[in-house]
Amino acid sequence: MTESGFLTEVEGIAGAGAVAADVVAAGFDAAGCAGVVQPSDVASLAAVMRLCSDRGWPVQPAGAGTWLRPADWPDAAGAPAGSPPARPEPRAAAAAAAAPRRPLLVSTARLAAVLEHEPADLVIGVQAGMPLVALHEHLRRAGQRLPLDPPAATGATIGATIALGAAGPLSTGHGLPRDMALGLEAVTGDGRVLRFGGRVVKNVAGYDGVRLFTGSGGAFGIITAIFLRVRGAPRADATWSARAADATGAADLALAVRAVLDCDALELLSPTLAAAIGLDSAWTVLARVAGSDDAVAAALQRLDQAAARAGVTADEPVTGTVWDRIAHDEAGAGAHATFRAGAALMGQALREHERNLASDTMMASTGRVAAHAGPGLVRVWHDRAAPHRTAVTTVDAASLTIVRRLGAAFDPAGVLVPGRRWREMA
Ligand SMILES: Cc1cc2nc3c(=O)[nH]c(=O)nc-3n(C[C@H](O)[C@H](O)[C@H](O)COP(=O)(O)OP(=O)(O)OC[C@H]3O[C@@H](n4cnc5c(N)ncnc54)[C@H](O)[C@@H]3O)c2cc1C
């Protein structure tokens with residue numbers, strides 16, 4: 001079957017206005033795809049998935065298309081040389097026999113409505129294609145917030161954020177997307193519509209499928225709706241700042257802060273990153289504290305005392321826009337890596353990554369290092385595009401077997417996320 005013949009079939013399901021052969025002109029940075037379909041309802045998205053599964057046609061799930069991995073997709077010559085076997089092995093005989101095909105981008109961008117929001121219940125249900133910024137704005141108008149601030153471009157969708165398990169500095173105080181998602185709806189690789197969890201906090205009896213999908217990267221299905229726990233917006237929200245002499249000093253200071261106070265966010269910034277967002281070029285610790293006016297004033301005092309005990313004089317609090325500037329800088333990364341160093345090794349990891357970047361003349365001025373001090377998550381990024389951006393998930397042998405079986409259960413024809421690779425741990 002030709003690409004154009006296949007796209008005509010997709011049009012027959014989703015409607016001509018929902019399909020484009022030129023993905024770039026349609027606004028998606030995904031030149032290696034056969035085309036893009038943006039269904040306007042879940043039933044037609046499910047029908048498109050059934051068609052793709054029947055035809056063995058690869059599908060790249062997408063939201064707004066701001067964080068796709070074009071280098072991952074097999075082109076006419078097949079998967080990139082030397083890459084491990086694609087996950088899951090294609091099971092349909094027809095799919096196995098067929099020549100590699102360019103994937104169809106299936107985007108949730110037109111599924112962007114608020115499904116329900118009862119402010120008193122502190123729960124909101126939205127379709128997956130809703131941009132994160134629109135969701136924040138909707139909640140702000142209701143005096144509420146979703147404490148989720150991943151590095152993300154402007155149009156980035158809530159569905160992709162949940163599918164990638166992506167989070168930012170607020171994860172220190174508020175946890176990860178999997179802690180916020182109460183329920184979700186997803187369409188499997190072969191077009192079944194599944195619903196997991198519910199709309200209230202205490203709803204889990206039996207297996208928690210929401211967590212399985214959160215962070216799955218779309219490997220088990222396309223998320224179409226999510227129910228999220230939200231919070232009341234705080235009256236006061238302040239950002240405390242202090243500079244340290246070096247990476248280890250900054251990590252020690254962050255740990256001293258953590259020992260006396262649960263912050264909303266506790267972030268360590270390398271000198272290059274601090275300078276890029278308009279602060280002094282120094283190792284910097286930022287602590288975000290929110291709550292009532294009195295609680296925030298008391299928290300700032302405790303932070304000053306913790307710093308004084310560590311021999312550091314805190315700076316004046318900085319404006320809250322500093323968090324947007326960090327997210328914006330990180331979202332502009334050409335290459336990005338995350339390491340779970342843990343609290344004890346955070347200082348050492350920061351120092352080593354900074355040293356590595358500094359020793360590379362191309363990256364010395366653009367390489368950034370930062371860490372969420374709560375989980376001890378160190379991130380490194382720079383603006384030089386990486387030659388290979390293949391997403392490889394490394395798991396042990398026993399888990400790999402189960403992950404592959406799960407993939408087969410949700411996606412029998414193995415059409416979802418063609419660039420995804422599962423690799424056994426060395
Ligand atoms: C560790 C980490 C670091 C990150 N760093 C950055 C960064 O530096 N800059 C940045 O811009 N973004 C970063 N992100 C991703 C960030 O969260 C995305 O910007 C945002 O989620 C993309 O939104 P989008 O709608 O444009 O997604 P898209 O680009 O459309 O999709 C991104 C991926 O999400 C999956 N996906 C999308 N929608 C769905 C869905 N409904 N169901 C299932 N799967 C789906 C697909 O597999 C797709 O490959 C990072 C993510 C992680 C996990």
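Fully extending the segment from residue 308 to residue 335 would add 6.0 nm, taking 0.36 nm per residue of separation and subtracting the current Cα-Cα distance.
At an R0 of 30 angstrom, the distance between the Cβ atoms of residue 356 and residue 325 translates into a FRET efficiency of 0.80.
For the pair residue 366 and residue 295 in one chain, pulling the backbone fully straight at 0.36 nm per residue adds 21.8 nm over the alpha carbon distance. In terms of its C-alpha gyration tensor, segment 126-170 comes out oblate, because a/c is 1.5 or above while a/b does not outweigh b/c.
Computed from point charges on the beta carbon alone (+1 for Lys and Arg, -1 for Asp and Glu), the dipole magnitude for segment 195-290 about its Cα centre is near 660 Debye.
Cα extents for the chain along the principal axes, largest to smallest and rounded to whole angstrom: 70, 53, 43. Spacing of the modelled spin labels on residue 396 and residue 343, each 7 Å from Cα toward Cβ, amounts to 2.5 nm. Relative to the Cα centre, the charge distribution of the chain, modelled as +1 at Lys and Arg Cβ and -1 at Asp and Glu Cβ, gives a dipole magnitude of about 860 debye.
Relative contact order, whole percent, for the chain stands at 18, derived from Cα pairs under 8 Å and 6 or more residues apart.
Taking other Cβ atoms within 10 Å as a rough exposure proxy, 359, 107 sort from fewest to most as 359, 107.
Stretching the chain fully between residue 176 and residue 262 yields a gain of 29.4 nm (0.36 nm per residue, less the alpha carbon separation).
All of the numbers you see were taken from the coordinates with simple rules; none came from a lab. Since we're looking at a predicted model, the values are computed, not measured. Methodologically, a virtual Cβ is constructed for each residue, glycine included, from the backbone with ideal geometry; neighbour enumeration extends over all protein chains shown.
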